[in-house]
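Since every read-out is calculated from the coordinates, none of them should be taken as a lab result. Predicted model only: the values in this text are computed from it and were never measured. Counting neighbours? That spans all protein chains shown, and the Cβs are built from the backbone with ideal geometry, glycine included.
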Amino acid sequence: MFFHNYRYALQSILRKKSSLIWTLLFPIALATFMYLSFGELYETEERLSIIPVAVVSENEGAYGEFDAFLEALSAEGDDQLLYVRRLSRDEAEKALADETVRGVIIEGEELTLWLRENSVEGTVLKTVLEQYLQSEAFVRGLAASGATPQELLAAVEALTGGEPYYTETSTSDGSQDLYNNFFYAIFAMSCLFASFTAVVRTSKLQANLGALGMRRQLSPAGRMTMVGAEFAAMLTVQFAAELLTLGYMLLLGVEMGERYLGMFAVLFLGSCVGIAQGIIIGSIPRLSEDAKTGICVSISMLLSCMADLVAVGIKGLIERSVPFLNRINPAALLTDAFYALNCYDTPKRFLTDLGLLAAITALLLGVSGFVLRRNRYASL
Amino acid sequence: MQVFKVYFQILRRHVGQIFLYVGIFAVIVFGFILPSVDTNPVESFTAKKCLFAVFDSDKSEASRALIGWLSEKHEPTEIANDREATVQDALYNRNVYGVLRISEGYEAALAAGASAGELAKRVELLTVPGTLTGELFATDLNRYLTLAALSCRSGASVTEALAATEDALQISLKTELSREGAESAQSKLYYFFSYLSYVFAVMSVVSIAPVLNVFRKPEVHTRISCSSYPFHRMNWELLLGVFLTGLFFLAFFGGWAGIVFGGELLCARGALYLLNLLLYLAVGLALAYLVSQLATTQDTINMIANTISLGMSFLCGVFVPMKYLGDTVLAIAHFLPAYWYQKTLMLLQEDYSGEMGTICGNFAMLVLFVAAFVAAGLVAARQKSLRQLA
């Protein structure tokens, strides 16, 4: 009986072309827009890359050592920091205005840096160039204090790019792109939007909401068998849609990591929780289908926005102020599971998120089952 | 006015969703965006600062001096602990850009003239390698440590070395901003109106399209058609309902802006902000009409509304400033109404007196979008009725 119901439920869902197309199109379209908008923002705005600068020499011969320093910084290789072009003042001004260079170094009466805007890149440039001036002053100070030539040589060596005096540690090998949160939130939203279909399907099981519901209440099949078959059919379609979206995002180049099995697990449980949310809302007696869909939209949007759908940082703020909300918000758990999968080496946090998602699904389905089993109709 | 009354009765069912989007707007704009808006004009160069946290186990004069110097150059903050997971979360969420661990024995190593490798065992920087902010903080840290270590190695005491280091680090490079770099003060009004474009688009569609949809249901439409109610009257009453809903949105958000920004709105610039919003509202209403012709169920309407509103917000510079968007994205954005709305808002931030022609052109583009959406809606309606007749 279960498979009989499952087969027909699946056929029925697949024949609702408009809903099916939008279930597929909605996350794919959003992912495309997001990727176009900031898919490469992390690489272009946050990652350190070679900084193009122009040098204007107005005091020939006065900056020989500084020029050597610039040459060292612009030497091709892994450590190359600058790409230096020697230009006239007018050409440099134009290049800065056109943004073909990010800064202009004027070797005039004194060393001056022109920048186009207040930016982190500009500050890095200033800091690196300042380092030269400070090192030069420091060595002069050492010489004045009577340091031996060997000591001065050692100091110059240490100051011109020797070993670092600190240990740099990275906390993760995964992608640290904060904008990935938007893509994780798309999955959260599309999983929760599975509740729309679940509301419609559950309403069709209720005798007070339509002729089909009356007919199904008369059938000898158990209600839980029918609900289970509906759930499985919806899950099949939703999970397939999520997998297609995941494949599309990976093709786009979103850095989701390579733990595909973990991703499948998140999407599977995400689909489950979205459908369970729809079933529990759909099982509310004496509410029209439209009203139930309205509730679904409100809850799904609210939970998704709380999981960084429209602004990165909301989830973090909640985590700092009311962390409990993030533990019961399925959208936040979904995005957190993706993040944990991408950035953590140990599976503890990921498994905790999955466990909580499974618990929420079980709770929602348990309550829905309880409500649906108890439905009795005195008259219809 | 039966249709008009019924329109609002149905609309009342969607009030919850309207409030939801008003709430989302309030939280984003007043909780996140406006508090971070810098209202001071940018006239000269200001070095960017990185948020950083320190866990100092040495608690010595040398470690305090290092922290003090870094705090002058950057912005110290606190995180709960220095466990790897906590640090990773803080780095990922950009609550900090670097976390410094100074181990016991740092000062002793410095005093003993330790080599770079030995000192590095006592100073650990947790950061996101390869990022601009990570590099900036690391460069500052390294130049301090290098100078301090070299001073100590040259025979100076720790106190003398720290003083010499700070003296050397006082030297700075003369830095100027080019003329193009100077920016006017950012206007909070701009961000308020910018985010309204997202809310207006989604609210108009999710609240109005389902109501229009009800009147398009074949059984309802047929019943009204065979009643004594003239067809054109039904359309006019629906149009009036849609128009009044839009006016309510405009009055609500315009009033809200008036309360929050007061005098800023009571000038020619404020009037242009409101006119821009009015035209964008017309776009939202036209879009609602078009969507009501294309989608038949509420869930589909919601998916379309969110795809369009979020999509336009991402592509047209609402969620991500336009200066960060690539040329291709901006080329695509030209075909979306939110782009022209945003362009006007950007012009209104500056001295717009010489840009009135451009602003009027942007307004005209919005009017054209209204016409295009209504025309597309009429075509869709016509196609649908022909299909029904067939």
Notebook entry, point to check: Quick one: what does P(r) look like for chain B with 10 Å bins over all Cα pairs, in whole %?
Noted result: 4, 18, 21, 17, 14, 11, 8, 4, 2, 1, 0
Check: Of the beta bridges DSSP finds with both residues in the range A:49-160, what % are antiparallel, to the nearest 5?
Finding: 35 percent
Margin query: Suppose every Lys and Arg Cβ carries +1 and every Asp and Glu Cβ carries -1, with no other charges. What dipole size does the protein assembly as shown come out with about its Cα centre, to the nearest 20 debye?
Written below: 7100 debye
Note to self: Run the numbers for B:R269 and B:I171: contour at 0.36 nm per residue of separation, minus the present Cα-Cα distance, in nm.
What the structure shows: 30.8 nm
Check: Quick one: which of A:K204/A:K292; A:K315/B:K188; B:K5/B:K217; B:K217/B:K384; A:K292/A:K315 span more than 20 angstrom between C-alpha atoms?
Finding: A:K315/B:K188; A:K292/A:K315
Margin query: Taking R0 as 51 Å, what FRET efficiency do you get between A:F2 and B:S103 from their Cβ-Cβ distance, rounded to the nearest 0.05?
Written below: 0.25
Next item on the list: Take the Cα pairs of the range A:49-160, get the Kirkwood Rh, then feed it into Stokes-Einstein at 37 °C and 0.692 mPa s and tell me D in µm²/s.
Entry: 218 µm²/s
Checklist line | Relative contact order of chain A, defined on C-alpha pairs under 8 angstrom at six or more residues apart (%) | finding: 20 percent
Check: Under the Kirkwood approximation for Rh and a Cα-based Rg, what ratio Rg/Rh is obtained for the protein assembly as shown?
Finding: 1.05
Next item on the list: Only bridges with both residues in chain B count here: give the DSSP antiparallel percent, nearest 5.
Entry: 45 percent
Checklist line | Average Cα contact separation per residue, chain B, under 8 Å, 6 or more apart, as relative contact order % | finding: 18 percent
Next item on the list: Please give the residues of the range B:261-283, grouped as numeric ranges, whose backbone N is less than 20 Å from a label point set 7 Å along the Cα-to-Cβ vector of B:F30.
Entry: B:261-266
Next item on the list: Stick to Cα atoms and the Kirkwood definition of Rh, then tell me Rg/Rh for chain A.
Entry: 1.21
Check: Around A:T202, what is the net charge, scoring Lys/Arg as +1 and Asp/Glu as -1 over all other residues with Cβ under 9 Å from its Cβ?
Finding: +2
Note to self: Exposed loop sites here are GluC sites (Glu not before Pro) in DSSP loop states with at most 13 other C-beta atoms within 10 Å. What is the longest stretch of chain A lacking them?
What the structure shows: A:111-257
Next item on the list: Would you work out the relative contact order for the range A:49-160, in percent, from Cα pairs under 8 angstrom that are 6 or more residues apart?
Entry: 26 percent
Check: Across peptide A:337-347, what mean number of C-beta atoms from other chains lies inside 10 Å of a residue's C-beta?
Finding: 2
Item checked: Mean ellipticity per residue at 222 nm, deg cm²/dmol - from DSSP H runs of n ≥ 4 across chain A, formula -39500 (n - 2.57) -> -21500 deg cm²/dmol
Margin query: For the range B:51-106, place one equal point scatterer on every Cα, skip the solvent, and apply the Debye formula. What is log10 of I(q)/I(0) at q = 0.19, 0.20, 0.22 Å⁻¹?
Written below: -0.64, -0.70, -0.82
Item checked: Rounded to 10°, Cα long-axis angle of helix A:223-252 versus longest principal axis of chain A -> 20 degrees
Next item on the list: Give the residue from B:Q298, B:N81, B:F363 lying farthest towards the positive end of the charge dipole for chain B; charges sit on Cβ (+1 for Lys and Arg, -1 for Asp and Glu) and the dipole is referred to the Cα centre.
Entry: B:Q298
Note to self: Can you tell me which lysines have their Cα less than 16 Å from the Cα of A:K126? Leave out same-chain residues fewer than eight positions away.
What the structure shows: B:K48, B:K49, B:K73, B:K174
Notebook entry, point to check: Among B:283-292, A:359-368, how do they line up from the highest to the lowest mean number of other beta-carbon atoms within 10 Å?
Noted result: B:283-292, A:359-368
Next item on the list: Could you let me know the centre-to-centre spacing of the range B:237-299 and the range A:26-102, using Cα atoms, in angstrom?
Entry: 43 Å
Next item on the list: Starting from the Cα of A:L243, move 7 Å in the Cα-to-Cβ direction to define the label point; list residues of the range A:8-28 whose amide nitrogen is under 15 Å from there.
Entry: none
Checklist line | Tilt relative to chain A, helix A:180-192 - C-alpha long axis, 0 to 90 degrees, to 10 | finding: 0 degrees
Margin query: If the reach is capped at under 15 angstrom between alpha carbons, list the aspartates and glutamates near A:K16, excluding any in the same chain fewer than eight residues apart.
Written below: A:E230, B:D299
Check: Gap in Å between the Cα centre of the range A:107-130 and the Cα centre of the range A:317-337?
Finding: 42 Å
Notebook entry, point to check: For the pair A:E40 and A:T160, how long in nm is the line joining their label points, each one 7 Å along Cα→Cβ?
Noted result: 3.7 nm
Check: In whole angstrom, how far apart do the alpha carbon centroids of the range B:45-100 and the range A:159-201 sit?
Finding: 22 Å
Margin query: Give the aspartates and glutamates reachable from A:K94 as a straight Cα distance under 16 Å; neighbours fewer than 8 places away on the same chain don't count.
Written below: A:E117, B:E176, B:E180
Note to self: Between helix A:17-38 and chain A, what is the angle of the helix's C-alpha long axis to the longest principal axis, kept within 0 to 90° and rounded to the nearest 10?
What the structure shows: 10 degrees
Next item on the list: Set Lys and Arg Cβ to +1 and Asp and Glu Cβ to -1, take the dipole of the range A:49-160 about its Cα centre, and tell me which of A:L125, A:A75, A:A92 lies farthest positive.
Entry: A:L125
